[in-house]
1. ³J(HN,Hα) across the range 81-86 via Karplus (A = 6.51, B = -1.76, C = 1.60, θ = phi - 60°), whole Hz, x for Gly/Pro?
2. Could you derive backbone 3J(HN,Hα) for the range 104-119 from the dihedral phi with the Karplus parameters 6.51, -1.76 and 1.60 (θ = phi - 60°), listing whole Hz in sequence and x where the residue is Gly or Pro?
3. Can you check what the net charge comes to around V123, using other residues whose Cβ is under 14 Å from the Cβ of V123 (Lys, Arg +1; Asp, Glu -1)?
4. With N denoting the number of residues in the range 42-140, provide Rg(C-alpha) divided by 2.2 N^0.38 Å, to two decimal places.
5. Accessible area of T38, 1.4 Å probe, to the nearest 10 Å²?
6. For every other residue with a beta carbon closer than 11 angstrom to the beta carbon of M111, add +1 if it is Lys or Arg and -1 if Asp or Glu, then tell me the sum.
7. What ranking of I56, I9, I171 comes out by heavy-atom accessible area, probe 1.4 Å, highest first?
8. Evaluate the distance, in nm, between pseudo-label points positioned 7 Å from the Cα of T61 and of R180 along their respective Cα→Cβ axes.
Amino acid sequence: MARRSAIVIAAAFLTVLIVPAIPAAAGGGCHTGATQGTGDTVELVDACPTPTILTIDPGGTVSFVNHDPFAHNVIGSAWGHPEDLNQGDGFTATFDEPGVYPWACWYHPGMTGAIVVGDGTGVGNGAAVAISSFSQPEPSPVVELRTVTRQASAAPAVAGWVIGPLLGIGIGLGIAALIRRRPHPAA
């Protein structure tokens, strides 16, 4: 009886540790609300673009700079920098036509942003964007940020904390049942 209880407790404990970590392992992106800014630089820090949404005037040039110790890339529709941007690397993109130019990092699926040119109306033709790379980060100006708040749901965390122990108890009981059914050698 004591052995079965120990198995159930151990399985429940391990499941409680593992199940809530599954959503966190999905990777990439900001775990805070979107940020809006003006200026001419998007900094890639902690797998999060800062700002997430940058507004510029038509003809403006935006510098993307990676400050993370791991690679990123910036992929838009017919524009971007698909090659690795290692720490300290960056590139500039000049946006002549008004519109919204969304982008994402292929390596980190939740890492997305947008460049809003002018009032944001227009096609956002990526073919008209001029790109140039640089290896050393250009001096970044102060970027004015405005946080856009969104209400996060606690449902995934609650589900993990409820399902985890139940799953652990179920696994522990299953192991205990297998042990109980196994024939024991005669003493």
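1. Once θ is set to phi - 60°, the couplings for the range 81-86 become 9, x, 6, 4, 9, 7 Hz.
2. Couplings: 8, 9, 5, 6, 10, x, x, 8, 9, x, 8, 10, 9, 9, x, 8 Hz.
3. Within the 14 Å Cβ shell, the charges total -3.
4. This ratio for the range 42-140 stands at 0.97.
5. Roughly 70 Å² of T38 is accessible to a 1.4 Å probe.
6. Details: positive: none; negative: D46, D68.
My count for the surroundings of M111 gives -2.
7. On the way: I56 15, I9 120, I171 80 Å².
Per-residue accessible area, sorted high to low, gives I9, I171, I56.
8. In this crude spin-label approximation the distance works out to 7.5 nm.
The values are calculated or read from the model by the stated rules, or taken from the named source; none is laboratory data. Quick caveat: nothing in here was measured; it's all calculated off a predicted structure. Every residue, glycine among them, receives a Cβ derived from its backbone with ideal geometry; neighbour counts consider all protein chains shown. These accessible areas exclude ligands, DNA and RNA; they are computed on the full protein's heavy atoms, side chains included. Shrake-Rupley method; radii C 1.70, N 1.55, O 1.52, S 1.80 Å.
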